[in-house]
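Heads up: the structure comes next, in C-alpha cells.
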Amino acid sequence: PPTRPSRTRLHSTVTQDLGTTTAPLLDDAATARAVAAMREDARTKPLSDDELTWFARDRRGDAREAVEKVVQYLRWRKDRGGLGADRDALMRRAAPEARRRVGYLAREKDALNRPTVVVVARRHDAMRRDLKASQALCVAVLEDAIAEAVKEGGEQVLALVDLRQVGPQNVDVPFLLWLIMTLRSYFPKRLGQGALVDPPP
C-alpha cells in the first residue's frame with residue numbers, strides 16, 4: 001500500500017499567538033514581594049532567587065503555594081524520586097533506554113530558539129522496558145534541555161515526538177501518567193510546546 005504522507009500536528013496547553021504555554025507574568029514589584037515572602041521560609045534556602053521566581057510565577061504570586069511546591073520539588077530532587085541523586089547515578093539508571101536513543105536533546109533549536117527534546121516512540125517497548133530507566137532518561141534529557149534554555153536566556157523547551165511506525169507495544173500508560181505528574185510538579189510550564197510527527201489517524 002502507498003506510504004502515508006508525514007504530517008506534523010502541534011498541540012499546546014493554551015492558545016496564544018505562538019501556540020505556546022508560559023508561566024504567568026508578574027511585574028517586578030510583585031515578583032520581589034513573592035520571593036521575599038518565600039525567603040522567610042528557611043526551606044527555600046537551597047534555591048536561587050531565579051528559581052524561586054519561576055515557582056512564584058507558576059503560582060501567580062501566591063508565596064504560600066509557591067513554597068509548598070518548592071518544598072515538594074526539593075524533596076524530590078534529593079534523589080529524583082529514586083532515580084539518582086547525582087548525574088552519574090541518573091545516567092547509569094537511564095542506560096538501557098539511552099543506548100536505544102529513545103529520547104535525546106537535538107543539536108538544533110526550534111524556530112523560537114528553544115532547545116528541542118526528541119522522543120522516538122517506536123524505540124520504546126512498553127512490554128519489555130525498565131520503567132525506572134525510562135523515567136531516568138526523561139529527567140536527564142529534560143534537565144539538559146532546561147539548562148541549555150536558561151544558558152541562552154530562555155525558559156522553555158520544545159518536545160518533538162516521532163510517532164512514525166508506532167504500535168500498541170509502544171504505548172506506555174504508566175510512564176505517561178508519571179510524565180504528566182513530573183512535569184506539573186517539578187518542571188511547571190517548562191514544556192512550552194509539543195509537536196507530534198506522523199501521529200496515527
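Data table
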{"item": "Pairwise centroid distance, computed over Cα atoms, of region 90-139 with region 25-81, Å", "result": "28"}
{"item": "Solvent exposure ordering (accessible area, 1.4 Å, most first) of VAL35, VAL173", "result": "VAL173, VAL35"}
{"item": "Surface per residue (accessible, 1.4 Å probe) for the chain, Å²", "result": "58"}
{"item": "MRE, 222 nm, helices only [DSSP H, n ≥ 4, -39500 (n - 2.57), over the chain, to nearest 500]", "result": "-13500 deg cm²/dmol"}
{"item": "Approximate spin-label separation ARG128-ARG77, in nm, with each point projected 7 Å along Cα-to-Cβ", "result": "3.7"}
{"item": "For the chain: relative contact order, % (alpha-carbon pairs under 8 angstrom, 6 or more apart)", "result": "26"}
{"item": "³J(HN,Hα), Karplus 6.51/-1.76/1.60, whole Hz, each residue of region 41-55, x for Gly, Pro", "result": "9, 4, 5, 8, 4, x, 9, 6, 4, 4, 5, 5, 4, 4, 5"}
{"item": "With DNA, RNA and ligands ignored, accessible area of LYS151 (1.4 Å probe; Å², nearest 10)", "result": "140"}
{"item": "Solvent-accessible ranking of THR182, THR31, largest area first, probe 1.4 Å", "result": "THR31, THR182"}
{"item": "Surface share of carbon and sulfur [accessible, 1.4 angstrom probe, percent] for the chain", "result": "54"}
{"item": "By accessible area with a 1.4 Å probe, ligands and nucleic acids excluded, highest first: order of TYR104, TYR186", "result": "TYR104, TYR186"}
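The values are calculated or read from the model by the stated rules, or taken from the named source; none is laboratory data. Source: prediction; values computed, not measured. We place every Cβ from the backbone using ideal geometry, glycine too, and count neighbours over all the protein chains shown. Just so you know, the surface numbers come from the protein's heavy atoms only, side chains and all, with ligands and any DNA or RNA stripped out. Shrake-Rupley method; radii C 1.70, N 1.55, O 1.52, S 1.80 Å.
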